[in-house]
Structure formats: structure tokens, C-alpha cells
Amino acid sequence: MKPSTPSDQGATNPAIRVRGLVNKFGETVIHDGLDLDVQRGEVIGVVGASGSGKSVLLRTIVGLNRQAEGSIEVLGREVGRLNEGEREALRRHWGVLFQDGALFSSMTVAQNIQVPIKQFLDLQPHLLAEVTALKVALVGLPPDAAGKYPSELSGGMRKRAGLARALALDPDILFLDEPTAGLDPIGAAAFDSLIRNLQQALGLTVFMVTHDLDSLAAICDRIAVLVDKKVIVGTLSSLLRHEHPWIREYFHGPRARAAGTGA
Amino acid sequence: MSDGFETERADSAFVLTARGRWEIETVARFDAALRELDPGPCRKARLDLAKVEALDSTGAWAIHRTREALRARGLAVEILGAKAAHSALIERVAAAHPSEEPAPPPHGGFRALVERVGASTIWMVDEAKSVVAFLGLVTIAIGRSALRPKRIRMTSVVANMERSGLNALPIVGLLSFLIGVVLAYQGVDQLTRFGAEIFSINLLAVSMLREIGVLMTAILIAGRSGSAFTAQIGTMKVNQEIDAMSTLGLDPIEVLVLPRIFALVITLPLLAFYADMVGMLGGGIALMLLLDMSPAQFLIQLNAAIPLWTFWVGIIKAPFFAFAIALIGCYEGLRVSGSAESVGRLTTQSVVEAIFLVLVLDASFSILFSSIGI
């Protein structure tokens with residue numbers, strides 16, 4: 001049986017609950033007693049200095065990195081205590097978009113989108129083709145992109161294709177690792193609005209690691225700032241008034257002023 | 001209440017009542033039935049979604065597709081009772097205009113086969129042309145270095161000699177020793193039938209020294225060092241290190257290619273000599289045991305069996321093989337473009353082409369030596 005979807009569970013139950021997370025690489029402590037709640041249906045942006053462990057946090061939540069201590073609950077299930085079958089079932093409820101799309105290079109875009117579908121379900125060829133074409137269209141790719149290989153696509157199109165694969169099974173949670181990195185400002189803005197639009201239409205919870213102040217301002221409901229091995233969470237306006245020196249520097253520095261947040 | 005739908009005809013209208021979960025795995029169960037709706041003579045249709053508990057994009061697509069199919073039959077369709085989020089999702093899916101899946105790229109068929117043969121023939125000719133062009137570039141660079149020997153990067157040459165020569169000693173030695181043993185055993189087995197087992201020494205010496213020692217070493221080095229050259233230079237190409245070099249005024253051929261070629265041209269003859277000696281040792285030990293000879297007898301017989309030229313004929317080929325292996329290894333490395341995937345592909349290709357060239361050269365030498373009577 002598949003695990004229950006969010007609607008079955010209490011509304012008080014957050015999509016992701018991290019408690020007392022400790023991550024170390026050798027002697028270097030990355031996270032030290034980090035707590036974080038991500039509510040259902042919100043877009044949370046994770047920012048922090050280079051090396052502060054933003055991507056490590058994402059990788060830990062999706063199980064690519066094992067934490068030293070602490071608990072992580074996703075959709076009400078503690079990830080560390082699941083057996084392999086339950087973990088498999090949970091994975092069906094999240095999608096991950098890696099930085100450059102991480103598409104399988106030996107497959108076309110359509111085949112990439114079909115990988116997760118075929119992994120979990122056995123669809124009729126006709127319906128499979130329709131669902132694939134639907135995902136391609138939902139992320140705003142032209143229909144002929146479906147038959148192309150990743151090497152034939154531009155960076156922005158690869159990200160869209162990666163997003164289509166992440167959305168293949170209509171996950172509840174979407175993890176994005178620097179979705180706008182490497183895109184020109186127009187492409188980045190278009191990608192931001194695509195994510196916002198899909199988040200609203202599909203009712204997604206979005207966990208987004210980013211460096212992009214424009215993305216933060218445009219689409220994030222709340223922002224989690226990684227400082228001093230923990231997170232400080234707030235809305236953009238509350239963080240603008242925050243006292244912490246790094247946060248002040250981040251939201252009031254010259255680039256922030258240029259992006260229009262740090263007035 | 002199970003997931004799915006039911007239909008009825010009421011007041012000349014066709015009513016479809018959807019219920020339960022309309023999600024990708026449940027839609028898969030009733031999708032076939034949904035495609036075969038029969039509205040009969042009705043002119044109006046109502047899709048009642050009030051009892052839909054959950055809807056994902058596939059469910060929304062199924063509803064949108066049904067609506068369009070009914071409209072195409074000339075019915076007026078309205079959607080009733082949908083929750084706000086559900087109707088928003090249906091409209092988002094409708095707005096995306098998914099198209100039919102594009103035709104998969106053509107595969108198979110006689111025509112495609114002919115096309116592929118033609119394409120790879122043209123590719124082979126192009127490849128040969130550009131290898132020759134690269135040979136020209138390298139020759140010019142060698143000429144420049146010969147005029148100004150100070151510019152040869154000795155540190156790099158020595159480092160490459162260590163990596164492709166010294167570090168290859170164990171594997172080359174082991175292989176040659178075992179091949180020597182195999183030749184000795186096979187030779188004695190066959191020649192004993194004619195009472196000519198003493199000629200096993202000739203068999204061993206001629207085949208080991210003339211051909212097998214140098215050829216096996218060259219093939220091993222093509223797999224070991226030729227591939228390493230491609231991977232090293234290819235990785236640098238992916239990291240844009242080659243571009244950085246060019247902007248700093250360094251010539252990649254002088255910095256990367258020449259040291260590798262020089263290193264291999266020096267080490268391969270040495271390795272081939274080593275392979276010859278270890279191979280003779282292995283074969284010699286086996287023969288002494290099989291034929292009950294003393295080392296002195298073996299050496300006397302060996303000296304009488306073959307002229308010194310047999311040894312030189314083998315060793316002379318080594319620098320040429322080395323040049324071909326290093327040239328191909330570096331050439332394929334510089335051809336890497338963009339992705340890490342092409343490093344892997346071209347590394348494989350470099351080994352195959354290097355071995356091919358080595359065998360072509362070996363055949364040419366055989367013809368040459370035979371025509372001048374050595």
C-alpha cells in the first residue's frame with residue numbers, strides 16, 4: 001500500500017520536521033542541533049554562505065546523506081526508522097531537481113520522465129504517452145523537446161526537463177537545488193514564475209536551496225537562513241529587520257539593494 | 001466508495017459522476033473505460049466532480065481529455081461541483097496544451113542500416129584526415145622543440161615515464177613470463193611428435209623476440225597509458241584548463257602532448273626489452289624443466305638458433321608503436337567536448353584506435369622486413 005497523502009493527516013502535521021540535526025564531515029561540524037519545520041503548501045527558501053551546508057541539508061532530508069544525530073520526519077514519517085519498502089513508498093511522494101537537471105544522458109527527455117513512472121506504476125502505453133506529454137507541456141517545454149537527448153538542450157531547458165521528471169508522479173514535496181543558478185535573469189524569472197504557478201496548481205510544498213535574492217523575494221513564503229550551524233526562519237520582511245550580522249549583510253548588501261529587497 | 005466514475009442519461013443529458021481518487025495509479029485502472037464513453041443521442045453533458053476526493057495532474061488530464069472528446073462529438077459540456085483547487089488544476093492542465101507524443105526517432109529498417117554504414121564510413125574518413133592533421137601539428141611542434149631543446153618540459157617527460165613505464169613493470173613482466181611459459185609448453189607438445197623438441201627454443205625465441213614481446217607490451221600500454229592520456233587531457237578539456245592554457249600563451253601541444261609522446265617513445269622500447277627478457281626467462285625455465293637441460297645448454301642452443309637481428313627486429317618497432325599510441329591518446333583527449341560522458345566514450349575509442357594502429361604498423365613492418373630479407 002502506498003502511504004497516505006497529506007490530506008489524510010492532521011493539518012498541524014508539517015511536511016518536513018527536522019529536530020536536533022547534527023551533520024559532520026570528519027571533524028568539521030556542518031549542522032549542530034538544527035531544527036526546522038516546513039509547513040504543507042508553502043515555499044521555503046534556504047539561503048546561507050557558501051559551505052554553510054545548504055545542499056547538505058537538502059541531501060540529508062532526501063536520504064542521500066546520513067546524519068550523525070537528530071531526527072527527520074517527512075510527511076509524518078521518520079525517515080531513519082523506515083524499512084526499505086516504506087522508504088521506497090515515501091520517495092514516491094517527493095521529487096528532487098538537482099542543479100543542472102541531472103537528467104540521464106543516455107535517454108530522451110520523454111524517457112527520463114518515464115523512469116519514475118515505470119519504477120512505481122504499470123501504465124498502459126497510451127496513458128503513459130499522454131502523461132509524459134502532459135508533464136512536458138506543464139513545465140513549458142515545446143513538444144519536440146520530448147524526443148531530444150539532454151545534450152541537445154540548453155541549460156534552461158534541461159532544468160525544465162529535470163523539473164518535469166521530478167513532477168512525474170505528482171509529488172507532495174518538491175526539492176530544488178539552486179533552480180535558477182546559471183540562468184540569465186529573464187530565464188530565471190520565468191523559471192521562478194513557473195515554480196510558483198505549478199506550486200499553486202499542484203498544491204506542492206517546495207523546499208528550495210538558492211542564492212538568488214530575486215527568487216527569494218518573488219516566490220518564497222518563508223526563508224530559512226543557515227547561520228552558526230542552525231537555521232533562522234522568517235518571512236522576508238521579518239528577516240530584513242533581523243539583528244544577526246550575516247543576515248543584515250545578506251539582505252542589506254549592495255546586491256540586495258540592487259534586487260530591491262534591502263531598501 | 002471505490003475510485004472511478006459512473007454514467008447515466010437524465011433529461012436528455014449525459015451525466016458522468018466521478019468519485020474517489022483521480023490520481024495517476026487509480027486513473028490507470030479506469031482509463032480504458034473512460035476512453036469508450038457513449039453519450040448516445042444526448043446533446044448536453046455534465047461532468048459531476050463533487051465526489052472527487054483527490055485529483056492530481058493525471059486525473060485532471062483525464063477529465064480535460066474527456067471534456068474535449070465529448071465536445072468533439074458536438075456536445076455542450078459543463079463541469080459541476082468541482083472544488084476550487086480541482087478546477088484550477090484542470091484549467092492549468094488545459095492551458096498547457098499537451099501535444100501528442102512526437103514520433104520516436106526512426107530505428108531499424110534496411111534504409112537506416114545503409115544510412116548508418118554511410119555515416120560511419122564518412123566518419124572514418126574524417127577521423128583519418130584529422131588524425132593526419134594532428135600528426136602534422138605534432139611534427140611541427142617536435143621540430144620547434146628540436147631547434148630549442150630548452151623548451152622541452154623534462155619534468156613532465158620524466159613524470160610520464162614513471163607513470164607509463166616504471167609503474168607498468170609488474171603487469172608487463174607477469175604477462176610476458178606467462179606467455180613465455182605457454183609458448184614453451186605448446187612448442188614442446190607439438191614438436192615432440194617429430195622428435196624435434198629441441199627446436200622449441202627457436203620457436204620461443206623467434207616468436208617472443210620478433211613479435212609477441214613488443215606487440216603484447218604495446219597493446220598493454222595502449223590500454224593502460226593511451227587511455228590514461230585521453231582521460232587526463234579530456235578531463236582538463238572539460239574543466240576548460242586547455243582554454244586557460246591557450247589564453248596564457250601556452251601551447252597545449254607543447255605542454256601536454258609532446259611530453260607524453262617523448263615519454264612513451266623512450267619507455268616503450270625499454271618495456272619491450274624487459275618483456276623480451278622476462279618472456280625468455282619464463283619460456284627458458286619451462287623448457288629446461290621439460291627438456292631436462294642445464295642453463296648453459298639452453299644458452300648455447302639459443303645462441304646457435306637465432307641471430308641477434310631477431311631481437312632488433314622486435315625492438316625497432318617499439319618507438320613507432322609508442323608514437324602511434326601516444327598520438328592517438330592525446331588526439332582523442334583533445335577532442336573531448338563539454339560533457340564528462342564524452343571523456344568515457346573517447347577513452348574507449350582511443351584504446352581501440354591505438355591497438356588498431358599498432359597492428360597495422362606491425363603488419364607493415366612484417367612486409368617491409370620480409371621484402372628486405374631480414
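The values are calculated or read from the model by the stated rules, or taken from the named source; none is laboratory data. Please read all numbers here as calculations on a predicted model, not as lab measurements. Neighbour counts are summed over all protein chains in view; Cβ atoms, including those assigned to glycine, are modelled from backbone coordinates with ideal geometry. Just the protein is used for accessible areas: all its heavy atoms, side chains included, with ligands, DNA and RNA removed. Shrake-Rupley method; radii C 1.70, N 1.55, O 1.52, S 1.80 Å.
Structure above, values below:
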| quantity | calculated |
| --- | --- |
| Criterion (assigned to a helix (DSSP H, G or I), at pLDDT below 95 and in the same structural domain as B:Ala363 (by TED's automatic domain parsing)) met by exactly one of B:Gly213, B:Gly173 | B:Gly213 |
| Any hit, the stretch B:238-247, residues being in the same structural domain as B:Leu359 (by TED's automatic domain parsing), surrounded by 16 or more Cβ atoms within 10 Å (Cβ to Cβ), among the hydroxyl-bearing types (Ser, Thr, Tyr) and assigned to a helix (DSSP H, G or I) | no |
| Selection count where residues are in a helix (DSSP H, G or I) and over 45 Å from the mean Cα position of the chain (by Cα), scope the stretch B:31-69 | 9 |
| Qualifying residue in the stretch B:106-124 (condition: in contact (Cβ under 8 Å) with a residue 24 or more places away in the chain, charged (D, E, K, R) and more than 14 Å from every other protein chain (Cβ to nearest Cβ)) | no |
| In the stretch B:340-374, residue nearest to B:Ala222 (Cα to Cα) [restricted to those that are open to solvent by less than 20 Å² (accessible area, probe 1.4 Å) and polar (S, T, N, Q)] | B:Ser350 |
| Odd one out for B:Thr192, checked against (1) open to solvent by 90 Å² or more (accessible area, probe 1.4 Å); (2) under 18 Å from B:Asp292 (Cβ atoms); (3) not acidic (Asp, Glu) | (1) |
| Positions within the stretch A:110-161 being part of a helix (DSSP H, G or I) and away from chain B (no Cβ under 11 Å), in sequence order | A:Asn112, A:Val115, A:Lys118, A:Gln119, A:Glu152, A:Gly155, A:Gly156, A:Met157, A:Arg158, A:Lys159, A:Arg160, A:Ala161 |
| Residues of the stretch A:90-106 satisfying the condition of being surrounded by 15 or more Cβ atoms within 10 Å (Cβ to Cβ) and assigned to a loop (DSSP other than H, G, I, E, B) | A:Arg92, A:His93, A:Phe98, A:Gln99, A:Asp100, A:Gly101, A:Ala102, A:Leu103 |
| Qualifying residue in the stretch B:215-232 (condition: more than 27 Å from the chain's Cα centre (by Cα) and of a type outside the set (A, V, I, L, M, F, W, C)) | no |
| Set A:Arg81, A:Arg77: member being within 18 Å of A:Gly20 (Cβ to Cβ), open to solvent by 20 Å² or more (accessible area, probe 1.4 Å), in contact (Cβ under 8 Å) with a residue 60 or more places away in the chain and more than 14 Å from chain B (Cβ to nearest Cβ) | A:Arg77 |
| Extreme residue, nearest to the other protein chains (Cβ to nearest Cβ), among residues of the stretch B:77-86 that are farther than 11 Å from B:Val52 by Cα and part of a helix (DSSP H, G or I) | B:Ala85 |
| Selection count, the stretch A:180-221, where residues are more than 14 Å from chain B (Cβ to nearest Cβ) and among the polar types (S, T, N, Q) | 4 |
| Checking A:Pro171 against (1) part of a helix (DSSP H, G or I); (2) more than 7 Å from every other protein chain (Cβ to nearest Cβ), the condition it does not meet | (1) |
| Residue ID - least open to solvent (accessible area, probe 1.4 Å), chosen from residues in the stretch B:21-57 that are small (Gly, Ala, Ser) and away from every other protein chain (no Cβ under 13 Å) | B:Ala45 |
| Filter result for B:Ser337 (open to solvent by 20 Å² or more (accessible area, probe 1.4 Å) and either within 14 Å of chain A (Cβ to nearest Cβ) or not in a helix (DSSP H, G or I) (or both)) | yes |
| Within the stretch B:129-170, considering residues that are open to solvent by 70 Å² or more (accessible area, probe 1.4 Å) and among the hydrophobic types (A, V, I, L, M, F, W, C), the one farthest from the chain's Cα centre (by Cα) | B:Leu147 |
| Test: residue in the stretch B:270-288 that is open to solvent by 10 Å² or more (accessible area, probe 1.4 Å), acidic (Asp, Glu) and either closer than 10 Å to B:Phe177 by Cα or modelled with pLDDT under 95 (or both) | no |
| Extreme residue, least open to solvent (accessible area, probe 1.4 Å), among residues of the stretch A:52-74 that are over 19 Å from A:Leu216 (Cα atoms) and assigned to a loop (DSSP other than H, G, I, E, B) | A:Val62 |
| Any chance B:Gly344 is under 17 Å from B:Ser227 (Cα atoms), assigned to a helix (DSSP H, G or I) and within 14 Å of chain A (Cβ to nearest Cβ) | yes |
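Every residue, every condition in (1) free of Cβ contacts under 8 Å to residues at least 24 places away in the same chain; (2) more than 20 Å from the chain's Cα centre (by Cα); (3) surrounded by 17 or more Cβ atoms within 10 Å (Cβ to Cβ); (4) more than 23 Å from A:Ala15 (Cα to Cα), yes or no:
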site: A:Gly182; (1), (2), (3), (4): no, no, no, yes
site: A:Phe191; (1), (2), (3), (4): no, no, yes, yes
site: A:Ile195; (1), (2), (3), (4): no, no, yes, no
site: A:Gln199; (1), (2), (3), (4): no, no, yes, no
site: A:Met208; (1), (2), (3), (4): no, no, yes, no
site: A:Asp214; (1), (2), (3), (4): no, no, yes, yes
site: A:Ile219; (1), (2), (3), (4): no, no, yes, no
site: A:His242; (1), (2), (3), (4): yes, yes, no, yes
